[in-house]
């Protein structure tokens, strides 16, 4: 869903802020919670985001992407928060190129995950990702933002979005693989034991 | 490898971010290449599971309520609105007192007082007229189908009066026409009702020249009952009444 505000010639009223901002509340909170890792900080972050957005709503550039604008405020607010400062200490390397994966694998993290619907495992692996990977992955996969929107939200060039996203996905796959293999082996042993009985 | 260049763009393809020409070429390739199609499928599956897993947290209801309250536009009572509220309170008090007083009076007095109330209440309203026009040929047709009778409005050229507009009104549940005129910043109401629908046979002689400090005239003409009321001088009320009478007798 896109939130482009078409207000050619129209003035932005306080009413329209509420109308535009509240539908984003759930997803902004979800994003904030993933970033901060706890409820209190997520609520503070969302609250501060809305307060800043409301204050700056009159300066919101007409015809631009309201959703990306809100996420950018939240992201920038997070970066200046206590937990955000920790994230800034970790430098994202965006120059790395990933080679193509050519081999056709039968049991890949994707297929195993789909088969098992192992949501909790995936959530814990996402949680463990560096924040700059986690946020770009969530913006792309969960919020279904385009590269352009992500670029506006994170204030990074399009090329950075693409390379960082690619590395985030690769890191996720790499971290999932051993955990899923352990799970598969355990399941296999259990299965074998049962057959033995 | 043949697919190397395709594989490098697989994520961008699955994200739907390739330029349209490349997208079409990729589509064609994926349909003919089992390796790339399997890889694309896996990435789509991964996207789906991340999407489901990523929608993990929901805000507390009280937090949502608090946030909604904090960004809801604060009601700003304008100066004009405050005056209107004050006027409404005064009206309510006057109306209540008047109602209590009316109970003790004759039907004629009651009708006259209700006409005075209608006049005051309308002027206190933020939208005193439903049809806004100084053109009698606009205002008169507006009443068609709204009231069970027709009436004529006077030609006001070369007079000091100006028609501001009209609205529907009710007296004892009887529909009627309410016209508002302006003369030297004084507003004058002209009410027209069906005579037979009024609650009491009116005794025009019992009408005192001033009702609640308003000047009022009333007469019956062609089965219709006319009331002219306002805070303008009795002479102005009389002039307007004569103009209305003249228009109705044509």
- Query: Within region B:26-40, how many residues turn out to be touching a residue at least 12 places away in the same chain (Cβ under 8 Å), within 60 Å of the chain's Cα centre (by Cα) and farther than 21 Å from residue A:167 by Cβ?
  - Reply: 1
- Assess whether residue B:48 counts as being without any contact (Cβ under 8 Å) to a residue 40 or more places away in the chain and more than 7 Å from chain A (Cβ to nearest Cβ). yes
- Number of positions in region A:149-166 that are part of a helix (DSSP H, G or I) and either over 28 Å from residue A:70 (Cα atoms) or touching a helix residue (DSSP H, G or I) at 6+ places or on another chain (Cβ under 7 Å) (or both): 12
- Task: Could you list all residues from region B:1-25 that are touching a residue at least 24 places away in the same chain (Cβ under 8 Å) and in a helix (DSSP H, G or I)?
- Result: B:6, B:7, B:10, B:11, B:13, B:14
- Message: For region B:179-216, give me each residue that is at pLDDT below 80, in a loop (DSSP other than H, G, I, E, B) and surrounded by fewer than 17 Cβ atoms within 10 Å (Cβ to Cβ).
- Response: B:199, B:200, B:201, B:203, B:208, B:209, B:212, B:213
- Query: Taking the condition surrounded by fewer than 20 Cβ atoms within 10 Å (Cβ to Cβ) and modelled with pLDDT of 90 or more, does residue B:239 pass?
  - Reply: yes
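Residues that are under 31 Å from the mean Cα position of the chain (by Cα) and closer than 21 Å to residue B:124 by Cβ: does region B:142-161 have at least one? First the steps, then the outcome.
To start, the set of residues in region B:142-161 that are under 31 Å from the mean Cα position of the chain (by Cα) comprises B:142-157, B:160-161.
Applying the additional criterion that residues be closer than 21 Å to residue B:124 by Cβ yields none.
Looking through region B:142-161, none of the residues is under 31 Å from the mean Cα position of the chain (by Cα) and closer than 21 Å to residue B:124 by Cβ.
Mind checking whether some residue in region B:53-61 is farther than 21 Å from residue A:173 by Cβ, part of a helix (DSSP H, G or I) and within 11 Å of another protein chain (Cβ to nearest Cβ)?
no
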- Of the residues that sit in region A:52-62 and are more than 10 Å from every other protein chain (Cβ to nearest Cβ) and in a helix (DSSP H, G or I), which one is farthest from residue A:75 (Cα to Cα)? A:58
- Note on the structure: Of A:196, A:159, the only residue that is out of contact with any strand residue (DSSP E or B) (no Cβ under 8 Å at 6 or more places or on another chain) and at pLDDT below 90 is A:196
- Note on the structure: If we keep only residues of region B:17-39 that are facing chain A (nearest Cβ under 8 Å) and under 27 Å from residue A:149 (Cα atoms), then the residue surrounded by the most Cβ atoms within 10 Å (Cβ to Cβ) is B:39
- Assuming residue B:176 fulfils every condition listed in (1) touching a strand residue (DSSP E or B) at 6+ places or on another chain (Cβ under 6 Å); (2) buried (at least 18 other Cβ atoms within 10 Å of the Cβ); (3) closer than 15 Å to residue B:241 by Cα apart from one, which condition is it? (3)
- Meets criteria (away from chain B (no Cβ under 14 Å) and within 16 Å of residue B:71 (Cβ to Cβ)) for residue A:49: no
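The values are calculated or read from the model by the stated rules, or taken from the named source; none is laboratory data. Because the structure is a prediction, the values reported are computed rather than measured. Quick reminder, even Gly has a Cβ in these numbers, built from the backbone with ideal geometry, and neighbours come from all protein chains shown.
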